[in-house]
Amino acid sequence: MLIDAHCHLDFPDFDADREAVIARAKAAGVEGFVVPGTTRARWPDVLALGRRDDVTVCLGLHPYFIDQHGDDDLQALDDALAANPQVVAVGECGIDARFSESWDAQWQLFDAQVRLAKRHGLPLVIHCVHTNDRLAKRLRQLAPPHGGLIHGFAGSPSRPRPLSNSASWSGWAERSPIRVPSACSVPSPHCRMTAMCWKPIALTCRWPDTRGNATNRHMWPKCAGR
């Protein structure tokens, strides 16, 4: 089974041809889609997509849009997670070191979302760009118990170990410069694989054998039970 483990199908870029995009993906063998949230303003569209049988959704505050997040957005996220049990993870949250001017604000926002994930018993979908070691250290400090998916990881196959050791992560997204299906990529020895998730720039999401436990019931896309 192929699952696109990270796609922003809620974005207005897809308003004109969203159904056609999904149809083409299915024709290529992609059976499910995980759509993370990015800003509070986009959550309603994300949740609307989550009513589909082939879409699983997350809610979060993305570091790329740091200027769009308001002072009460974290409380709104807390409330939205409580009100929407269909949400499978907190995200997309994380750190993007390309934007050094918002470095402190990014860390504050990330820490708060990790704490929300712990409070609600949810895994995380984390955007990690040029900050693998610092992110691994922070995850060890905060110790989120439910793991999650690292999106944007660009290290070598040996690099996932510090992150995977930090919080029992159940999925990985590794960057590839080539647009190929993840079945063509080389699995990392540090991540056991039971399902492949297709992503042009973020490949090889790998789910461990323990998907029957509470953590992986959250993250496992709806279509995987078919």
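The values are calculated or read from the model by the stated rules, or taken from the named source; none is laboratory data. This one's a predicted model, so the numbers in the text were calculated from it and none came from an experiment. A quick note on method: Cβ atoms are made from the backbone with ideal geometry, for glycine too, and the neighbour counts reach across all protein chains shown.
Here is a yes/no grid of residues against (1) over 16 Å from the mean Cα position of the chain (by Cα); (2) modelled with pLDDT of 95 or more; (3) assigned to a helix (DSSP H, G or I); (4) not charged (D, E, K, R):
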position: 22; (1), (2), (3), (4): yes, yes, yes, yes
position: 38; (1), (2), (3), (4): no, yes, no, yes
position: 41; (1), (2), (3), (4): yes, yes, yes, yes
position: 44; (1), (2), (3), (4): yes, yes, yes, yes
position: 47; (1), (2), (3), (4): no, yes, yes, yes
position: 52; (1), (2), (3), (4): yes, yes, no, no
position: 67; (1), (2), (3), (4): yes, yes, yes, no
position: 82; (1), (2), (3), (4): yes, yes, yes, yes
position: 93; (1), (2), (3), (4): no, yes, no, yes
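For region 104-124, enumerate the residues that are among the aromatic types (Phe, Trp, Tyr) and within 18 Å of residue 80 (Cα to Cα). Spell out the reasoning first.
Step one: filter region 104-124 for residues among the aromatic types (Phe, Trp, Tyr), giving 107, 110.
If the condition is that a residue be among the aromatic types (Phe, Trp, Tyr) and within 18 Å of residue 80 (Cα to Cα), then 110 is the only one that fits.
Any idea how many residues of region 77-127 are loosely packed, with under 15 Cβ neighbours inside 10 Å and basic (Lys, Arg)?
Residues meeting the conditions: 2.
Which residue out of 114, 125, 88 is assigned to a loop (DSSP other than H, G, I, E, B) and either closer than 17 Å to residue 145 by Cα or in contact with a helix residue (DSSP H, G or I) (Cβ under 6 Å, 6 or more places away or on another chain) (or both)?
88
Select from region 128-149 the residues that are closer than 18 Å to residue 58 by Cβ and not hydrophobic (A, V, I, L, M, F, W, C) and write down the one among them that is surrounded by the fewest Cβ atoms within 10 Å (Cβ to Cβ).
Ranking the candidates gives 145 first.
Within region 100-109, can one find any residue that is at pLDDT below 95 and assigned to a strand (DSSP E or B)?
Checked region 100-109: no residue is at pLDDT below 95 and assigned to a strand (DSSP E or B).
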